[in-house]
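Scroll down for the structure; my scribbles are underneath it.
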Amino acid sequence: MSLDSLHYRTARCLNVIPRGENYEITHELNGRKFVLPRLAYQLLTHLKEPTTIEELLDRTSTSFPSKEVQTMLNRLRKGGVIVATGDDETYHRRLPNKTLMGIPAYHDSAPEDLQNRRLVLLGVPFGSGNKLDGACAKFPAKIRWFTQSYLSSLHARNHQLDFRGFGADNSFFTSLREWLASNRLTDGGDLVLQSNEYPSSVYAKVERLTEEINGKGNVPIMLGGDHSLTFPAIAGVARQHEAIQIIQFDAHTDTYVNRVAELYAGSGKAPHHHGNFLSNALKSTKIAKVWQFGIRGPFTMTPPKDARCKIVYAHEIPDFLQSNSVQQLDPDLPTYLTFDIDFFDPTVAPGTATPVIDGPGYRTGLDLLATVLDRVNVVGADLMEVNPDRDRDDQTIQVAVSTLLRLINGIKM
């Protein structure tokens, strides 16, 4: 659709406050503020009803040159102050006043070349895909609180800080320091969601979000809620590649299906959920390989029959680490890595809705993560199912932050 055929109008969720000769405009959803001079604000008064550029130029030709009008429209549209034909007015990321670990905010631009790609941390506060307990929706807010309380200067002082408290020599964290020092670890804010929003709407937004970020050559890293979000996240990333590899750290296979659930899902009467995100992902021919680490428990006695899936059960991880099995991971396939916090034993990470006994310990789990990351090329990732309501003394949030830092450190520059 050409720009000339688009209709523009002001957004519905704006607060406008006169400030002397200017007007302060705040978008209620994304929180962004604009201060417009009176003359520029008059431009908005012509957009209360859908209007084409041609119509707008006719009304404002004495006040604004046509090039200035188009520049203003583009700026205000990007900020959500005006919307155009086909825009989703509910699709927004809300950038926080204080970013995670003090890192720069992400503003939608592409790197100058793929050697300068950025990592984009994204909070997704949604837990309705886990019908057992949806409090994992609180994880983005919890990790923001924790990092602001204890790691607020990580970005500014990363070359001065001693990282050995995270369980490895300082030399191990070279990549993490470089991501921080080069300003290529960024905070994309939280996806704006409403408490009564339909899951299908949430999933569509997640797919669009990961597709847009990965399409610009950057790496989306989604922080929470529940594991149902991973299916649309993978779908968005997969749109940018001919084929991808999935690496899954999890106690569960998440390929659980039954005839009744399939009947409802197939007729559009029920969405997928946290226990079958991989079943849905495997329907795509773009998924070339799947590696599942940490699988265990009585619900895994019927593993996925798909030949693309390779399971490394929890008790097999020590042998995997000591063997050359890691060489079977494909270093050339773009990789989406998903990490469910219930991968760890409940004594390590109790804050999750679906704990399973006899899981990997903290040290074993992080060693495995580092070994896998050293082999693969991550183009998208997530950290899921951290449930603050079930945590004890912030134990799980500490594990989650350490896991996130190890994940960042392992993604290749």
Extent along principal axes [Cα atoms of the range 333-400; Å; largest to smallest]:
37, 20, 19
Scaled by the rule-of-thumb 2.2 N^0.38 Å, the alpha carbon Rg for the range 1-111 gives a ratio of 1.14
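Cα-Cα over 20 Å: which of K138/K283; K216/K310; K98/K138; K283/K310; K48/K205?
Values: K138/K283 30 Å; K216/K310 31 Å; K98/K138 17 Å; K283/K310 16 Å; K48/K205 26 Å.
Over 20 Å Cα-Cα: K138/K283; K216/K310; K48/K205.
Over the range 183-327, what lengths in whole Å, largest first, do the semi-axes of the equivalent ellipsoid take, defined as the square roots of 5 times the eigenvalues of the alpha-carbon gyration tensor?
On the way: eigenvalues 133, 95, 42 Å².
In descending order the semi-axes read 26, 22, 14 Å.
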Dimensions (Å) - the range 251-400, Cα atoms, principal axes, largest first:
44, 40, 29
Computed about the Cα centre, the charge dipole of the chain from +1 Lys/Arg and -1 Asp/Glu charges at the Cβ has a magnitude in debye, to the nearest 20, of 560 debye
Okay, helix-only estimate at 222 nm for the chain: each DSSP H run of n ≥ 4 adds -39500 (n - 2.57), divide by all residues, round to 500 deg cm²/dmol; what do you get?
-8500 deg cm²/dmol
When the charge dipole of the range 300-413 is computed with +1 on Lys and Arg Cβ and -1 on Asp and Glu Cβ about the Cα centre, the Cα farthest towards its positive end, among P304, H315, P331, belongs to P331
In the calculated pair distance distribution of the chain, what percentage of Cα-Cα distances lie above 33 Å?
37 percent
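Sort 160-173, 50-63, 73-86, 234-247 by packing, meaning the average of other beta carbons within 10 Å per residue, with the highest value first. It would help to have the intermediate numbers written out before the result.
Working: 160-173: 12.6, 50-63: 14.1, 73-86: 16.9, 234-247: 20.8.
Result, highest mean first: 234-247, 73-86, 50-63, 160-173.
None of the figures in this text is laboratory data; all of them are computed from the coordinates on show. What you see is a predicted model, and the numbers here were worked out from it, not measured in a lab. Cβ sites come from the backbone with ideal geometry, for glycine too, and all protein chains shown count toward neighbours.
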